[in-house]
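The next block holds one structure in the form of structure tokens; read it before the comments.
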Amino acid sequence: MSTMSKANRGLKIAITGSMGSGKSAVCSIIKQAGWPLISADEIVADLYDFDTYVKTRLMEYYGEEVIEDYKVNRKILFSNMMKSDEEKKRVESLIHPLVEKKMLEYFSKQDSSLLFAEIPLLYESQWQDKFDQIWVVAAEDDLRIERLTDKRKVSKEQALALMSYQIDQKRKIQWADVVIDNNGTWADLSNIVHQLLLEVSGGEGNVEVK
């Protein structure tokens with residue numbers, strides 16, 4: 001049983017996937033279906049904007065310039081994090097326990113048989129053992145690049161560079177409990193996700209969509 005599962009009897013499911021795969025679309029469908037879902041990225045954003053402890057610690061690490069208009073300047077922070085693995089780990093050791101605490105607090109307030117969390121860097125952060133199931137959203141590389149260039153307004157070269165920072169999609173698929181194919185239309189994706197929700201909420205075991 002996962003670490004987080006001990007806090008609540010609901011089945012805890014992480015939604016992850018590589019850039020441009022369509023994680024947000026899947027999470028939108030899950031929320032529209034009425035299931036509780038929390039986003040790791042949104043938790044981190046709130047910590048950077050509003051958590052005094054986090055801002056104080058980051059100022060101790062990188063000086064007052066890391067705070068701008070009472071919020072963490074992401075560009076300066078990430079620039080410092082990318083200087084070395086040690087710096088990256090130092091920030092992660094500050095942020096990750098707080099994200100887990102917020103997730104546990106959220107889950108503990110839910111009366112639901114299914115509990116979802118969107119965690120883009122699940123495997124990169126080695127959080128996979130904290131959940132009962134991992135659902136990986138996957139799409140062909142060309143389609144992911146197209147989505148990134150359209151949504152983030154970056155070049156193909158920049159999209160490829162962004163993708164290179166993450167663990168290869170093929171490895172994530174190998175490690176997944178459930179693989180959600182997002183190469184089709186929104187209707188296709190909605191049908192897949194709703195079928196998954198129906199099956200897993202009915203108490204069935206591992207469900208795989210390819």
Hey, can you tell me all the residues within the stretch 134-167 that are in contact (Cβ under 8 Å) with a residue 24 or more places away in the chain and assigned to a loop (DSSP other than H, G, I, E, B)?
139, 140, 166, 167
Verdict on residue 28 being at pLDDT below 95 and assigned by TED's automatic domain parsing to the domain that holds residue 145
no
From the list 118, 146, exactly one residue is at pLDDT 95 or above, surrounded by 14 or more Cβ atoms within 10 Å (Cβ to Cβ) and closer than 21 Å to residue 186 by Cβ. Which is it?
118
In the list 98, 160, which residue meets the criterion of being under 20 Å from the mean Cα position of the chain (by Cα) and not assigned by TED's automatic domain parsing to the domain that holds residue 28?
98
Residue identified as part of a helix (DSSP H, G or I), hydrophobic (A, V, I, L, M, F, W, C) and touching a Leu at 6+ places or on another chain (Cβ under 9 Å) among 116, 107, 78
107
Quick one: residue 88 ticks every box in (1) modelled with pLDDT of 95 or more; (2) part of a helix (DSSP H, G or I) bar one, so which box is it?
(1)
Within the bounds of the stretch 129-140, is there any residue that is farther than 23 Å from residue 37 by Cβ and at pLDDT 90 or above?
yes
Restrict the check to the stretch 42-54 and report whether at least one residue is part of a helix (DSSP H, G or I), touching a strand residue (DSSP E or B) at 6+ places or on another chain (Cβ under 6 Å) and more than 22 Å from residue 127 (Cβ to Cβ).
yes
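The values are calculated or read from the model by the stated rules, or taken from the named source; none is laboratory data. Source: prediction; values computed, not measured. Cβ sites come from the backbone with ideal geometry, for glycine too, and all protein chains shown count toward neighbours.
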